Amino acid sequence: MPRPRQRSVRRQLLILLLSAVSGAWIVAASVSFRDARHEVSEVLDAHLAQTASLIAAQRDGDEDHDEVDTEHAPVLHRYGRRVMFQIWDGGTVLGLHSQNAPNTPLSPIRDGFSDATIGGARWRVFSTWDARHRVLVQVAEHFYERDELATAVARNFVIPLVIALPVLGVVIWAAVGRAMRWLIHVNQQVASRAADNLSSIDVADAPSEIGALVTNLNHLFGRVQGLIEQERQFTADAAHELRTPLAGIRAQAQVARGATDDAERAWALEGVIAGCDRATHAVEQMLTLARLAPDSVSFQPTSVELRAVLKATISELAPIALAKHMDIALNDGRDACVSGEAGLLAILFRNVIDNAIRYGAPGTTVDVDLEVAASDVRVTVRDAGPGISAEQRANVGRRFYRAPGTQAPGSGLGLSIVQRIVDLHRGTIRLDSPATTIGLQVTVAIPRGVDERA
């Protein structure tokens, strides 16, 4: 499929600017031409009226002449006008007149200005009477003179535009090219860099428009670099965490292969299954944590009833607790709703309660309390396990961290997942020792008015 032709910003700007300038010039020229033509007509009408008045005033001195040759009069100026006149005694008898004037009145209008067609041509006529209203004088001027002046005015407007547009186009092309040199510079930097080069683009002294674009590009490079680092960290963490259970599975499989009796083989196979379970749990935890990365999770909060989430989570974990002869007690109060994602909250409390079951002593009870406060909802989970010392609590949120001496199986990712989900809900998590028993007390507080991602 042929690649669509890309449009040039430089060419588009040139066309738009020249079109805008031409349009504005044409509008201005049209208005100016109309005003100039009106003013020219006013001036020529005034001259026409002045000529008629002079002829009327001189009528008494020229009574011996019936014709005046204005047809062949020399043109003393390039704007010399073609005129004709008539003098009508009593308004009915043709007297003195120009040689090119007809024998009929120039215009039926006996006073003031009028337009007439004489000999197939348009003429402007002015008619006036002498002071005693005995003589009618009509003076006419050919419209050709007026049209010629109007054309000259229009030509004076158009010619500069025709000359200026190419010059203006060259100036605009050069100016736009100079203004876009930073964009070309950025394009060259991006095109020439290696695929793994996500360093910031240097655009010192760049215009603000280009600077904003490059700033956003640099932020994008930073986010991509962060995602790549997360992928690398995830790969390293997966290799680190899976190495031990895979080695254990291999060892147990070798024992099962070399076993000489069924009891030894069954014991080895149970070890293989336990190793597979540990590896599966580790993979699930790592995938969950990867999905909760800041640039990966899509947080769309809705109204969630925490009591229902806790009941479902406890029901899911009940078989694990029964296997250790443990009870899970939910001490819930009134309905407690928060704004969040039910799926993420279920993962959060599944990890907290699962940790309490893993590290709690067999035959003990895991207490889950639900408390509604003025601004948040608090869920407290207490176990009767070995607990975590105050010095170690600051590290339990780190990936793959496990307190020294821990015997229960786990991946060290549970509280990392819990912390990320709490942050998404703008909540808090606190680890304490129970006031009356040994073990660990985990309190998660979720604000009741959360409506957007942290």
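The values are calculated or read from the model by the stated rules, or taken from the named source; none is laboratory data. Model, not experiment: these values are computed from the prediction. Every residue, glycine among them, receives a Cβ derived from its backbone with ideal geometry; neighbour counts consider all protein chains shown. Side chains are part of the model used for accessible areas, which takes the heavy atoms of the whole protein and leaves out ligands, DNA and RNA. Shrake-Rupley method; radii C 1.70, N 1.55, O 1.52, S 1.80 Å.
Among the listed residues Ile320, Ile357, Ile347, which satisfies the condition of being β-branched (Val, Ile, Thr), open to solvent by 40 Å² or more (accessible area, probe 1.4 Å) and part of a helix (DSSP H, G or I)?
Ile320
For Gly414, work out the one condition from (1) surrounded by 20 or more Cβ atoms within 10 Å (Cβ to Cβ); (2) at pLDDT 80 or above; (3) not polar (S, T, N, Q) it doesn't fulfil.
Among (1) surrounded by 20 or more Cβ atoms within 10 Å (Cβ to Cβ); (2) at pLDDT 80 or above; (3) not polar (S, T, N, Q), the lone unmet condition for Gly414 is (2).
Does at least one position in the range 146-163 carry a residue that is out of contact with any Leu (no Cβ under 9 Å at 6 or more places or on another chain), modelled with pLDDT of 75 or more, over 30 Å from Arg122 (Cβ atoms) and among the small types (Gly, Ala, Ser)?
The answer is no, given that none of the residues of the range 146-163 is out of contact with any Leu (no Cβ under 9 Å at 6 or more places or on another chain), modelled with pLDDT of 75 or more, over 30 Å from Arg122 (Cβ atoms) and among the small types (Gly, Ala, Ser).
Does Asp383 satisfy the criteria of being modelled with pLDDT of 50 or more, buried (at least 21 other Cβ atoms within 10 Å of the Cβ) and among the acidic types (Asp, Glu)?
yes
Every residue, every condition in (1) assigned to a strand (DSSP E or B); (2) modelled with pLDDT of 80 or more; (3) within 16 Å of Leu330 (Cβ to Cβ); (4) not hydroxyl-bearing (Ser, Thr, Tyr), yes or no:
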| residue | (1), (2), (3), (4) |
| --- | --- |
| Ala374 | no, no, no, yes |
| Ile388 | no, no, no, yes |
| Ile429 | yes, yes, no, yes |
| Thr436 | no, no, no, no |
| Gly439 | no, yes, no, yes |
| Ala445 | yes, yes, no, yes |
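Just checking, does the range 356-375 include any residue being within 19 Å of Arg420 (Cβ to Cβ) and either over 52 Å from the mean Cα position of the chain (by Cα) or not small (Gly, Ala, Ser) (or both)?
No: zero hits.
Filtering the range 105-164 down to residues that are under 15 Å from Val83 (Cα atoms) and part of a loop (DSSP other than H, G, I, E, B), which residue is most open to solvent (accessible area, probe 1.4 Å)?
So the residue we want is Gly119.
Residue pairs, Cβ under 7 Å, 6 or more apart or interchain, first in the range 335-356 and in contact (Cβ under 8 Å) with a residue 24 or more places away in the chain, second among the aromatic types (Phe, Trp, Tyr). List them.
From the range 335-356, the pairs are Glu341/Phe299.
Looking only at the range 46-96, how many residues end up being surrounded by 13 or more Cβ atoms within 10 Å (Cβ to Cβ), at pLDDT 75 or above and not small (Gly, Ala, Ser)?
Counting residues in the range 46-96 that are surrounded by 13 or more Cβ atoms within 10 Å (Cβ to Cβ), at pLDDT 75 or above and not small (Gly, Ala, Ser) gives 14.
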